[in-house]
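Quick notes on the structure that follows.
The values are calculated or read from the model by the stated rules, or taken from the named source; none is laboratory data. Everything numeric here is computed off the predicted structure, so don't read it as measured data. Note that each Cβ is placed from the backbone with ideal geometry, even for glycine, and that neighbours are counted across all protein chains shown.
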Amino acid sequence: MINSVRNTVLSILNKNNYGYISPSDFNLFAKQAQLDIFEDYFYQYNYNINKENARASGTGYANITKGYEESINIFSESNFLVHSSINKFFTPSPSTTNDNYYLLNRVDIYTNLRANGFTNGTGTNELIDTLTDFIASGVKAGDIVLNLTDNTSSEVVSVATNVLTIDDDIFVLGDEFSVYSGSDISEAERVSQSKISLLNSSLLTAPSNTFPVYTQEEPYLYMFPKTINSYGAVKCQYIRYPKDPKWTYVALSGGEPSFNASSPDYQDFEIPISDEPTLVLKILQYAGMSIREVAATQFGQSLENLETQKER
Amino acid sequence: MAYLSEYQYYENDGNSPSNANWGSYQYVSLKDIVNNFMLMYAGNHSLVNNEERFKVLFHAKRGIQELNYDAFKEIKILELNVSNTLKYVLPSDYVNWVRISLYQNGVLRPMSENIQTNWSDAYLQDNDANILFDINGNILKPEFSNIDYERIKGTKKSIYLNPNNPQFDGFEGYYYDGEWYFDFQVGARFGLNTETANFNPTFKIDKKSGVINFSSDMAGELCILEYVSDGMEGGDDTQISVNKLFEEYIYAYIEYSILHSKLNVQEYIVRRAQKKKSSLLRNAKIRMSNIHPSRLLMNMRGRDKWLK
């Protein structure tokens with residue numbers, strides 16, 4: 001989509017020989033435009049929920065909320081959070097989960113540790129520990145297997161006495177592992193810093209494994225009760241930021257850079273194709289300002305306003 | 001949470017204790033209640049929106065506590081031996097008593113709560129009745145007050161018609177198998193105070209101290225305490241549950257509790273929630289009362305009995 005967007009933008013900008021934007025400028029504007037649209041999804045989603053509550057929205061193809069939900073879900077990720085110390089877990093970040101998060105939507109706590117130990121054998125897609133009886137430990141297909149050495153995870157496919165067949169090949173000899181029940185999950189609730197002390201000292205609502213809570217203090221989540229204190233106990237579903245779009249090119253041909261989609265750092269837009277017109281209009285506004293062409297900016301603005309009004 | 005298989009129900013999947021799941025189908029767990037409420041009654045298109053789960057949890061537990069006090073009829077029963085100091089320490093989950101009985105010779109004999117006190121604190125005093133203090137200014141107290149001491153020694157008189165009643169003093173009677181029997185005053189006590197006309201030992205509960213104080217004839221006897229708790233199971237959230245007959249009521253209770261304390265909720269919505277809650281409680285109580293035709297029939301069979 002990125003090449004099509006760039007071509008459209010350039011086509012409009014070049015009308016009457018207004019001007020030209022370089023690939024690096026385009027990439028900067030494209031990032032801003034995509035972030036703008038990405039954030040607008042949440043406002044639009046909320047707007048449409050309110051419309052639904054006012055009985056001013058339809059179902060089926062008229063279910064606009066569903067469309068926004070799907071757009072947001074493009075950026076949904078689920079990852080086990082890396083444990084720091086005691087009840088502290090790192091929030092998703094490029095160094096722990098390879099992405100930045102926009103919002104944490106759900107934090108699940110795995111409460112039932114079935115087995116742990118060190119691998120003393122190897123096999124493709126297998127966890128082998130001759131010192132652990134996985135059957136006696138109650139490990140079942142669907143349980144969660146974690147490699148505590150390199151913070152990776154997988155799922156149990158089948159169980160033998162000392163061998164677990166798992167979904168991914170994540171173990172080498174000597175890795176530390178733990179296995180959590182895949183069905184004993186409690187959702188943790190975020191509470192504000194001002195409430196956590198009161199909550200902890202309340203008899204009726206003190207956090208428990210059944211009803212865990214967490215507070216947030218970047219770059220950590222603090223889990224309560226404090227017995228939630230190891231990698232594999234906390235899995236987070238969150239919405240990450242879109243990756244920065246990058247229009248990549250090979251050597252110039254005829255003075256023009258030639259688009260190259262197979263470049264290693266190539267990155268297309270992640271938002272749906274239906275948002276291409278909005279992308280073009282937003283980039284036009286930035287580009288218009290860049291080349292001091294007010295007409296281009298105004299054109300982008302007026303069309304975007306028109307589009308917004310139509311979508312209400 | 002999935003339904004239990006027959007094997008899980010009867011044998012707890014081979015785990016110990018094997019009876020852990022017996023009768024569990026009557027109940028719905030606290031976790032289920034909170035989950036179901038958050039799923040079905042809270043959200044973007046519901047009356048309850050943007051409320052923290054811990055509030056739902058709080059109201060769920062409060063609702064369960066209230067139900068435990070009367071509607072549930074889930075009586076806990078504890079048998080303990082009464083010590084020579086005539087004390088019975090209240091159970092750790094005790095909230096209120098239902099019935100206290102002496103278990104003797106295979107028979108339960110319900111006891112009366114003494115209408116007078118049978119225990120007291122006391123301060124040490126000198127001959128002029130001045131209160132005595134220690135060097136830190138704290139009041140000195142004896143181990144037992146006089147009323148306690150006499151009760152424990154067995155010399156305290158009773159206003160109840162039991163062996164410590166002064167009315168029996170000096171009269172001839174028969175002492176058989178630990179009990180006194182007399183040839184008179186049986187069924188002919190005109191002007192009898194029926195409130196105290198009971199032969200069984202008496203008790204008085206010292207709530208702050210957490211003990212039941214008995215009259216002296218309970219020393220070394222077995223006491224059966226029937227009591228109600230608040231259903232909080234010592235704070236173990238996994239063990240807290242509600243009878244399914246009250247499930248809908250609990251949802252209505254949580255909804256009402258949240259709506260009536262929330263800003264900008266129209267009064268008619270609060271009233272509607274309140275009515276729903278109240279009527280569901282009534283329905284559940286009727287269901288719990290277990291009025292079976294067969295039981296009524298058994299009682300009605302005595303209607304033609306001749307009174308002599």
*Hand me the list of strands (runs of 3 or more DSSP E) wholly inside the stretch A:69-148 holding 3 or more residues that are under 30 Å from A:Ser274 (Cβ atoms).*
A:76-80, A:101-110
*asked:* Would you confirm whether or not the stretch A:83-99 contains a residue that is out of contact with any strand residue (DSSP E or B) (no Cβ under 7 Å at 6 or more places or on another chain), of a type in the set (Val, Ile, Thr) and away from chain B (no Cβ under 14 Å)?
replied: yes
*Any residue in the stretch A:40-48 that is without any contact (Cβ under 8 Å) to a residue 60 or more places away in the chain, more than 21 Å from the chain's Cα centre (by Cα) and surrounded by 18 or more Cβ atoms within 10 Å (Cβ to Cβ)?*
yes
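Can you tell me how many residues within the stretch A:214-227 are within 13 Å of chain B (Cβ to nearest Cβ), part of a strand (DSSP E or B) and of a type outside the set (A, V, I, L, M, F, W, C)?
2
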_Complete set of residues in the stretch A:177-213 that are more than 9 Å from chain B (Cβ to nearest Cβ) and without any contact (Cβ under 8 Å) to a residue 12 or more places away in the chain_ = A:Ser194, A:Ser197, A:Leu198, A:Ser201
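With the requirement that a residue be of a type in the set (S, T, N, Q) and over 29 Å from the mean Cα position of the chain (by Cα), what does the stretch A:125-151 give you?
Result: A:Thr130, A:Thr132, A:Ser137.
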*asked:* If the requirement is being aliphatic (A, V, I, L, M) and out of contact with any Leu (no Cβ under 7 Å at 6 or more places or on another chain), which of these qualifies: B:Leu47, B:Leu30?
replied: B:Leu30
*When A:Leu281 is evaluated against the numbered criteria (1) over 27 Å from A:Glu155 (Cβ atoms); (2) modelled with pLDDT of 90 or more; (3) in contact with an Asp or Glu (Cβ under 7 Å, 6 or more places away or on another chain), which criterion, by number, is the only one it fails?*
(2)
*Go through the residues of the stretch B:4-13 one by one and say whether even a single one is within 14 Å of chain A (Cβ to nearest Cβ) and under 20 Å from A:Thr205 (Cα atoms).*
no
_Residues located in the stretch A:165-188, provided they are farther than 17 Å from B:Thr238 by Cα and assigned to a strand (DSSP E or B)_ = A:Thr165, A:Ile166, A:Glu176, A:Phe177, A:Ser178, A:Val179, A:Tyr180
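Out of B:Glu267, B:Glu226, I need the residue that is of a type outside the set (Ser, Thr, Tyr) and touching a Ser or Thr at 6+ places or on another chain (Cβ under 8 Å). Which one? Can you show your working first?
Details: B:Glu267 fails: touching a Ser or Thr at 6+ places or on another chain (Cβ under 8 Å).
Just a single option satisfies the conditions, and that option is B:Glu226.
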*Kindly state which helices (runs of 4 or more DSSP H) lie completely within the stretch B:197-308 and contain at least 2 residues that are in contact with a helix residue (DSSP H, G or I) (Cβ under 9 Å, 6 or more places away or on another chain) and surrounded by fewer than 15 Cβ atoms within 10 Å (Cβ to Cβ).*
B:267-288
